[in-house]
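Report on the following structure.
None of the figures in this text is laboratory data; all of them are computed from the coordinates on show. None of these values were measured; they are calculated from a predicted model. Because the Cβ atoms are built from the backbone with ideal geometry, glycine has one as well, and the counts that use them run over all protein chains shown.
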């Protein structure tokens, strides 16, 4: 049974198409991982040996630094219960080409990756959030702190060219063979959640834009009404002025007509 997913606020743009590693890697699944094999893809020693061996059908690992992914982003965590209770972390991976996918990893997967990178590069200064031995590992505050620490760890890993070129990192992030959005129920759910998040964000933006448009329309209407009022006042003033001038002219003509003798005497 799974507890509600705990997301980290982050605008997500799910654009890439990917392919699952579950069928290829299920044989490396350690006994402790009792959740669906496609949810958490643990890494055995043979997967993280750092060698240049490429599995059949994967193609060669190119050396171009252009392949370096954007910093993977931890979207949240989920506490799962089947035979045993454990936590998985949802990671959004984006490549330089704009492809993206979602993977799930346990804390032990991060530990294996850290050990392998330090084995390959002893001078590395990577740091993982520490293990917790005597307290509740499912405390929300603790998990949020660990989430932040794992994000920092991923940023450190992907900021080094040599780390990203290693087989350990490439397999951890599924850079060799990305998972597809519909390869399993869990991946489909992750894809749907990402679409829902994007949809909600776009709906909020649309609503905000519509409110702004309505406000601008109201202001424009008020300005138009004010302008119309000024035009009417100007027209009324013009008519009044013209009427006054006509009245004055008529008055002068009347006075002149009523006093013809005065004009002749003068």
Subject >> Residue order, fewest to most surrounding Cβ atoms within 10 angstrom, among 111, 248 >> reply: 248, 111
**OP:** Compute the label zone of residue 254 within the stretch 201-244: residues whose backbone N is under 17 Å from the point 7 Å along Cα-to-Cβ.
**Re:** 243-244
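What order do you get for 79, 103, 91 when you list them from fewest to most C-beta neighbours inside 10 Å?
Values: 79 18, 103 26, 91 22.
Final ranking by Cβ density, sparse to dense: 79, 91, 103.
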Original post:
In nm, to one decimal, how far is the residue 195 label point from the residue 142 one, both placed 7 Å along Cα→Cβ?
Top reply: 3.7
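Would you mind ranking 204, 132 so that the residue whose beta carbon has the fewest other beta carbons within 10 Å leads the list?
Details: 204 10, 132 14.
With the sparsest Cβ surroundings first, the list reads 204, 132.
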Original post:
Applying 1/(1 + (r/R0)^6) with R0 = 41 Å to the Cβ-Cβ distance of residue 225 and residue 205, what FRET efficiency is obtained, to the nearest 0.05?
Top reply: 0.85
